[in-house]
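So the structure is just underneath, and the comments pick up after that.
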Amino acid sequence: MQIINADRLLTRIRDLGDIGRDPHGQLTRLAASDNDRAGRDCLLGWLKAAGLDVVVDRIGNIFGIWRDEHNVDAAPVMLGSHIDTVINAGVYDGCYGVLAALEVIETLKERAIAANRPIVVAAFTNEEGVRYAPDMLGSLVYVGGLSVEAALATVGTDGSVLGEELERIGYGGDVDPGFRTPHAYVELHIEQGPVLEREGFSIGAVENLQGISWQRITINGDANHAGTTPMAMRRDAGLAAARVGLFLREHIARSNAPSVATIGTMRYEPDAINVIPSRAIFTVDLRDPDEGRLQALEATLSDFLTRVGAEEAVEISVERLARFQPVDFDQGIVAAIEASANARGLKNRRMTSGAGHDAQMIARIAPTAMIFVPSRDGISHNPREHTEPDDLVAGANVLLDVVERMVGRG
Ligand code: HGY
Ligand code: MN
Ligand code: MN
């Protein structure tokens with residue numbers, strides 16, 4: 001059985017993971033930032049050194065293409081993920097999938113296999129959505145889910161405009177997104193959750209991905225003196241916001257559903273120790289594998305906000321930032337992932353992705369599936385994110401097998 005060059009893959013994951021660290025060693029490469037440029041430049045160097053044709057589209061998605069005169073007109077097999085990160089990130093989220101995809105192409109190229117399709121490695125812009133909402137923005141534009149003009153006009157949490165930032169870092173490409181519809185798309189990714197490790201599996205054959213709802217909520221009350229204002233006379237935006245988080249946790253606990261809710265950002269105004277907050281601005285991230293339950297959770301939250309507004313005498317407004325329905329992946333590709341894992345003696349199971357991925361967008365235009373490898377302690381979006389080298393290599397070897405079958409060689 002073929003195997004990838006483990007050393008080259010692991011070294012690149014480490015090297016890319018060193019790009020974008022602050023003086024405290026924290027890794028942050030937010031989309032279209034200077035650190036993102038540095039990561040992109042590094043990836044482009046590897047793509048060019050591998051002899052791939054490099055394309056950057058108008059939303060900054062990067063593609064490395066291996067094609068020859070025999071297969072140039074065939075729809076490509078597309079692999080990839082993203083290399084932008086969250087704040088104070090780990091080194092594997094997204095980057096592993098992009099670098100393993102490059103590794104698979106280089107391995108096949110070195111063996112001079114006669115692929116009957118081009119193979120493409122993609123690094124999609126702004127998968128994380130930390131600086132610009134929604135997440136998976138580059139792949140969403142690629143599949144026509146959002147116009148490139150609207151995406152380029154997106155204003156970030158720092159007031160920047162995505163299109164201007166992409167131009168500034170030199171990654172505002174001139175190729176229209178969606179320039180090739182893939183024959184298939186396979187994304188290799190760390191699980192970012194506890195299932196594979198806890199149950200002793202090496203490979204996850206991901207057959208679906210849960211729905212995502214992102215909202216920004218603004219609560220307006222009245223600033224007042226923390227010492228002189230009786231509790232019953234307050235219009236406390238901060239307290240109202242705190243009630244939302246508690247309500248969501250208790251509601252989901254009672255519901256026994258696999259839903260999850262996260263308040264990841266919170267800003268008070270005027271943000272002073274002795275002033276009752278006049279305003280609270282925060283985000284709510286809701287997820288559920290079932291669309292009906294996700295809609296019900298959104299409706300329950302909306303009803304609670306109406307109630308809290310009345311009870312706390314505050315005004316509440318809601319802005320939708322992202323909404324993606326659950327996605328089912330291609331059963332044929334899932335079966336090919338299982339077949340490879342079984343042939344390699346790797347314990348594997350089918351599973352749902354709790355995290356959002358570019359695969360959920362590409363699934364709109366091509367047969368798509370994902371391969372997961374275990375995350376230590378289920379930790380991700382955290383510098384303690386870790387996957388054992390053997391698991392990283394095993395996942396890349398499974399990706400190699402799946403691709404070989406797709407390009408008519410396996
Ligand atoms: O939010 C997510 O699930 C992904 O990391 N963007
Ligand atoms: Mn990711
Ligand atoms: Mn992520």
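The values are calculated or read from the model by the stated rules, or taken from the named source; none is laboratory data. The structure displayed is predicted, hence computed values, not measured ones. Glycine gets a Cβ as well: all are built from the backbone with ideal geometry, and neighbour counts include every protein chain shown. Note: accessible area is taken over every heavy atom of the protein model, side chains too, but ligands, DNA and RNA are not part of it. Shrake-Rupley method; radii C 1.70, N 1.55, O 1.52, S 1.80 Å.
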Strands (runs of 3 or more DSSP E) lying entirely in segment 300-410 (those with 2 or more residues that are away from ligand 2 (no atom under 16 Å from the Cβ) and under 16 Å from residue 204 (Cα atoms)): 348-353
Candidates 130, 86 - the one that is touching a residue at least 60 places away in the same chain (Cβ under 8 Å), within 15 Å of ligand 2 (Cβ to nearest atom) and open to solvent by 30 Å² or more (accessible area, probe 1.4 Å): 130
Matching residues, segment 311-346, being surrounded by 19 or more Cβ atoms within 10 Å (Cβ to Cβ) and within 23 Å of the chain's Cα centre (by Cα): 324, 326, 327, 329, 333, 334, 337
Residue that is surrounded by the most Cβ atoms within 10 Å (Cβ to Cβ), among those in segment 183-200 that are farther than 19 Å from residue 81 by Cβ and within 16 Å of ligand 1 (Cβ to nearest atom): 195
Residue in segment 275-299 that is farthest from ligand 2 (Cβ to nearest atom), counting only those that are over 21 Å from the mean Cα position of the chain (by Cα) and more than 20 Å from residue 220 (Cβ to Cβ): 299
Evaluation of residue 68 against (1) over 16 Å from the mean Cα position of the chain (by Cα); (2) in a loop (DSSP other than H, G, I, E, B); (3) buried (at least 24 other Cβ atoms within 10 Å of the Cβ); (4) of a type in the set (Asp, Glu) (one fails), failing number: (3)
One residue from 50, 114 being free of Cβ contacts under 8 Å to residues at least 60 places away in the same chain and away from ligand 3 (no atom under 16 Å from the Cβ): 50
Residue list for segment 228-252, restricted to those being under 26 Å from the mean Cα position of the chain (by Cα) and among the aliphatic types (A, V, I, L, M): 244, 248, 252
Residue in segment 83-99 that is over 22 Å from residue 21 (Cβ atoms) and either touching a strand residue (DSSP E or B) at 6+ places or on another chain (Cβ under 8 Å) or within 16 Å of ligand 3 (Cβ to nearest atom) (or both) present: no
Any chance residue 61 is open to solvent by less than 10 Å² (accessible area, probe 1.4 Å) and within 16 Å of ligand 1 (Cβ to nearest atom): yes
